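Please read the structure below before turning to the comments.
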Amino acid sequence: MCQAALHAAVLVLFLPAATAQAADAAGASASGSAAVAASEPSFTHISVAGDTLIGLGRRYLADPAQWPQLQRLNQVANPRRIPVGTALQIPLRLMVTEPMPAQLLAATGDVRDAEGRPLVAGQALPQGSRLSTGDGQATVQLVDGTVLRLRPSSALQVDTSQRLPRAGVLRSGVQLQQGQLEVKARKVESVDTGAGTGASAGTGGAPGFRVETPQGVLGVRGTEFRVVVEPASAQTRGEVLEGRVAVNGLQGRSAQLVSAGQGVVVDRRGEVTPPSPLPAAPDLSGLPQHHDRPLLRFTLRAAPGVRAYRGQVATEEHFEQILADQRSPVTQGQAELRFADLPDGTYLLRLRAEDAQGLQGLDSRLAFTLKARPEPPLPRNPAPKAVMSGGRVEFAWTQTPQAGSYRIQIAQGEDFNQPLHDRRGLTEPTLQLDGLTPGVYLWRLASERSASDQGPFGSALRFELRALPAPLPVPRVGEDGIDLAWEGRPGQTFELQFARDSGFGSLVMSRETTTPALQASLPGPGRYFVRLRARDPDGFVGPFTAAQQFDLPSCLRDAQRRCVGTGDASWALTQP
């Protein structure tokens, strides 16, 4: 929408002192809404002894000769004799103003001005400045101290940024064309201008702050709230977290006074819904606080009336820079938020529920840690649920580039607190153990950057040893390929990629499988790299694992093309 059209589509709204008091007394009643809708952006002056409209015109107005407009607006019978204590409304459009720039406090990602030039933190934003966020975010401080946090895919104009020097107040306002804006408006107190009155009784309230949208206007006198503009549905949503917000529809069609903990929707016609309670802050007591996988999962049981949950991740409490932002609809009574590609560290999760109108509710917060690197290697041998004979087991796994060594644990039963074997600092991706008695075992692997920096264990795999019934034939080397097994979730499918280089610039082979295991034949001996990723049943594709490497040995073949021996092999398969 062009600037002229946007101005035509909204009614600028401030709450003067008298109007605010009337609205407070009426709450969200129809009479309070009518008073709000009838107001004009204005400054309130409380008259003192000696005040005249001509004198006030000289004091406040850009053109002192316009004082008769004050007489008509305030219905003053005698412009030279004004009763002490009279609340006089002075339209802002008539007052002396000075432009004052806003400031861009922070900018991350793609943040640009109207000409497409990148914006950086510290830049001044004069009145009329426009900024848009692609995948970026911006924090703006207005002249009156109001702080705006503009989220990704949003467009904003600093519409008003002024000082009214003769009134001693500041005026600010913005237009939000699309996207989401979080507002922390400064609480405004009455001020004494000291312009010849000699008494604080001659002062009035500041005009406050407002946000214009294509559907309406939200005017405040010091509060915290969120505004969402959806061009597709032509809706504006307002959600008040602190204080009160006057919401006025397109061309003043309807208006509502919205208190803390309430929200409204303004439709394409400018109709404002009655205020409704925002969804309660979600219960986070059952969510995990420690994660050891690169793909984080937060599963939520939905509260009644909630259609979706929104989660945001940051490293600091003000959420100046949101590192991840996900919305998950409720399906069969629950929702799952998934976050990928976060580095290891300590984070905050901010979570809120969304109701049937699309209004987002009060926030809950959860501190959590992520320690998923170095990732555990992929087990190669023995295969999951393998059955073997004898007391010797050869363990093998892929190599992780970030790992300096590996740790392996073998246990009988599910408890790894007291494993039968716990080997640390293994520099080779193999281990041979002798003397294991017949039985069922579990084993698991972890990568180590150093002795003090170990990554998480992978999932435990099961194998069974049986007593040796007879001497084994001479073992035969596996031909041309590799067996892999890894952790999987029910219903997942998997994609594996093989390459000669760790950057996977030229793939040797790509395979898909519905089970968490694969036996693959590869084109010749040498060093290979492998990585995999999983697809959830709902179509969500997770990130690739870190590249793992293995060596496929050279093979000497007999007349039947069977492998009968190897050189310096890093793995071997036993022929049945």
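The values are calculated or read from the model by the stated rules, or taken from the named source; none is laboratory data. These numbers were taken from a predicted model, which means no experiment stands behind them. We place every Cβ from the backbone using ideal geometry, glycine too, and count neighbours over all the protein chains shown. Note: accessible area is taken over every heavy atom of the protein model, side chains too, but ligands, DNA and RNA are not part of it. Shrake-Rupley method; radii C 1.70, N 1.55, O 1.52, S 1.80 Å.
For beta carbons closer than 9 Å, sequence separation of 6+ or different chains, a first residue in the range 432-445 that is at positive phi and a second that is surrounded by 12 or more Cβ atoms within 10 Å (Cβ to Cβ), the qualifying pairs are G435/G391; G435/R392; G439/Q412; G439/E464; G439/L465.
Can we say L342 is touching a Ser or Thr at 6+ places or on another chain (Cβ under 6 Å), open to solvent by less than 20 Å² (accessible area, probe 1.4 Å) and within 23 Å of R151 (Cβ to Cβ)? Considered against the rule, which asks whether it is touching a Ser or Thr at 6+ places or on another chain (Cβ under 6 Å), open to solvent by less than 20 Å² (accessible area, probe 1.4 Å) and within 23 Å of R151 (Cβ to Cβ), L342 comes out as no. For the range 284-332, the tally of residues that are over 27 Å from Q137 (Cβ atoms) and hydrophobic (A, V, I, L, M, F, W, C) stands at 2. In the set (1) part of a loop (DSSP other than H, G, I, E, B); (2) touching a residue at least 40 places away in the same chain (Cβ under 8 Å); (3) buried (at least 17 other Cβ atoms within 10 Å of the Cβ), the condition left unmet by I90 is number (1). Would you check if T400 is open to solvent by less than 10 Å² (accessible area, probe 1.4 Å) and among the hydroxyl-bearing types (S, T, Y)? Yes, satisfied. Mind listing whichever residues of the range 490-525 are surrounded by fewer than 12 Cβ atoms within 10 Å (Cβ to Cβ) and in contact with a Leu (Cβ under 9 Å, 6 or more places away or on another chain)? Matches in the range 490-525: S510, E512, G524. In the range 95-114, the residue that is modelled with the lowest pLDDT out of those that are out of contact with any Lys or Arg (no Cβ under 9 Å at 6 or more places or on another chain) and not in a strand (DSSP E or B) is G109.
Search the range 390-440 for residues being over 23 Å from L484 (Cβ atoms) and touching a Lys or Arg at 6+ places or on another chain (Cβ under 6 Å), and hand back the single one that is modelled with the lowest pLDDT. So, considering only residues that are over 23 Å from L484 (Cβ atoms) and touching a Lys or Arg at 6+ places or on another chain (Cβ under 6 Å), the one modelled with the lowest pLDDT is P438. Candidates A232, A281: the one that is modelled with pLDDT of 95 or more and surrounded by fewer than 18 Cβ atoms within 10 Å (Cβ to Cβ) is A281.
Looking only at the range 508-539, how many residues end up being aliphatic (A, V, I, L, M) and in contact (Cβ under 8 Å) with a residue 40 or more places away in the chain?
5
Does T133 satisfy the criteria of being at pLDDT 95 or above and β-branched (V, I, T)? Considered against the rule, which asks whether it is at pLDDT 95 or above and β-branched (V, I, T), T133 comes out as yes.
Only one residue in L287, L351, L257 is touching a Phe, Trp or Tyr at 6+ places or on another chain (Cβ under 9 Å) and open to solvent by less than 10 Å² (accessible area, probe 1.4 Å), so which one is that? None of the others qualify; the one that does is L351.
Sort out which residues of the range 220-274 are in a loop (DSSP other than H, G, I, E, B), under 24 Å from T139 (Cβ atoms) and touching a strand residue (DSSP E or B) at 6+ places or on another chain (Cβ under 6 Å), and write them in order of number. Break it down into steps so the answer makes sense when it comes.
From the range 220-274, those in a loop (DSSP other than H, G, I, E, B) are 221-223, 231-234, 243, 253-254, 260-261, 267-271, 273-274; that's our starting set.
Restricting the remaining residues to those that are under 24 Å from T139 (Cβ atoms) gives 221-223, 231, 243, 260.
Result: T223, P231, A260.
In the range 364-390, the residues that are closer than 22 Å to Q409 by Cβ and among the small types (G, A, S) reach residues that are assigned to a loop (DSSP other than H, G, I, E, B) and open to solvent by 20 Å² or more (accessible area, probe 1.4 Å) with C-beta atoms within less than 6 angstrom, at least six apart or across chains, in these pairs: A372/D292; A372/R293; A372/P294; G390/L468. Every listed requirement among (1) at pLDDT 90 or above; (2) buried (at least 21 other Cβ atoms within 10 Å of the Cβ); (3) part of a loop (DSSP other than H, G, I, E, B); (4) acidic (D, E) is met by D159 save one, (3). The residues of the range 526-543 that are under 38 Å from the mean Cα position of the chain (by Cα) and either in a strand (DSSP E or B) or crowded, with 16+ Cβ neighbours inside 10 Å (or both), listed by number, are Y528, F529, V530, R531, L532, R533, A534, R535, D536, V541, G542.
Would you tally the residues in the range 186-214 being modelled with pLDDT of 75 or more and open to solvent by 10 Å² or more (accessible area, probe 1.4 Å)?
So the count comes out to 1.
Scanning the range 354-389 for residues that are surrounded by fewer than 21 Cβ atoms within 10 Å (Cβ to Cβ), part of a loop (DSSP other than H, G, I, E, B) and either out of contact with any Pro (no Cβ under 8 Å at 6 or more places or on another chain) or of a type in the set (A, V, I, L, M) (or both) gives A356, Q357, G358, L362, D363, A372, A383, K385.
Residues of the range 108-149 being touching a residue at least 60 places away in the same chain (Cβ under 8 Å), among the charged types (D, E, K, R) and either open to solvent by 70 Å² or more (accessible area, probe 1.4 Å) or over 18 Å from Q178 (Cα atoms) (or both), which ones?
Within the range 108-149, just D144 meets the criteria.
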